[in-house]
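The values are calculated or read from the model by the stated rules, or taken from the named source; none is laboratory data. Predicted model, so just to flag it, every value in this text is computed and none were measured. So basically every Cβ, Gly included, is an ideal-geometry build from the backbone, and we count neighbours across all protein chains shown.
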């Protein structure tokens with residue numbers, strides 16, 4: 001009786017560990033898939049459905065892996081979180097510089113050189129089993 005209780009508890013422990021390890025393996029695969037979009041600057045700022053092989057078309061990888069990645073589709077969803085436009089600040093800075101001593105010397109500053117915008121967005125990548133989100137910053 002004692003041996004059967006010990007064997008039963010060991011079988012349950014083995015089953016729990018097997019499930020945990022398979023779950024961790026799937027999460028690692030998804031994390032690796034997410035890094036593909038982080039390594040590709042073209043994708044992530046628009047809504048798009050692509051296969052993973054398209055994300056790695058510029059990478060030097062094995063043909064077997066490329067064929068495997070072609071079967072996996074991912075959906076990329078982008079939403080803007082916050083956007084900052086610095087053109088007003090650049091114009092005010094330019095006007096301030098022109099009214100100072102630089103205007104007396106005949107030098108001009110170009111406001112378009114200082115004009116920039118900053119956009120913070122959320123990119124979500126969805127596969128069949130998992131989804132992950134991360135923030136992206138785009139400076140123009």
Q | Scan of the stretch 43-66 for residues that are exposed (fewer than 14 other Cβ atoms within 10 Å of the Cβ) and either in a helix (DSSP H, G or I) or touching a residue at least 40 places away in the same chain (Cβ under 8 Å) (or both), ordered by number | A | 63, 64, 65
Q. Among 16, 20, 34, which is within 26 Å of the chain's Cα centre (by Cα) and surrounded by 10 or more Cβ atoms within 10 Å (Cβ to Cβ)?
A. 34
Q. Residue check, residue 28 against (1) within 17 Å of residue 128 (Cβ to Cβ); (2) touching a residue at least 60 places away in the same chain (Cβ under 8 Å), all met but one. Which one?
A. (2)
Q) Across the stretch 3-42, what is the number of residues that are closer than 30 Å to residue 118 by Cβ and part of a helix (DSSP H, G or I)? A) 9
Q. When residue 99 is evaluated against the numbered criteria (1) at pLDDT below 85; (2) within 24 Å of residue 122 (Cβ to Cβ), which criterion, by number, is the only one it fails?
A. (2)
Q. Do we find that residue 2 is modelled with pLDDT of 90 or more and more than 24 Å from residue 138 (Cα to Cα) in this structure?
A. yes
Q.
Quick test of your reading of the structure: residue 46 fulfils all but one of (1) over 30 Å from residue 118 (Cα atoms); (2) out of contact with any helix residue (DSSP H, G or I) (no Cβ under 9 Å at 6 or more places or on another chain). Name the failing condition by number.
A. (1)
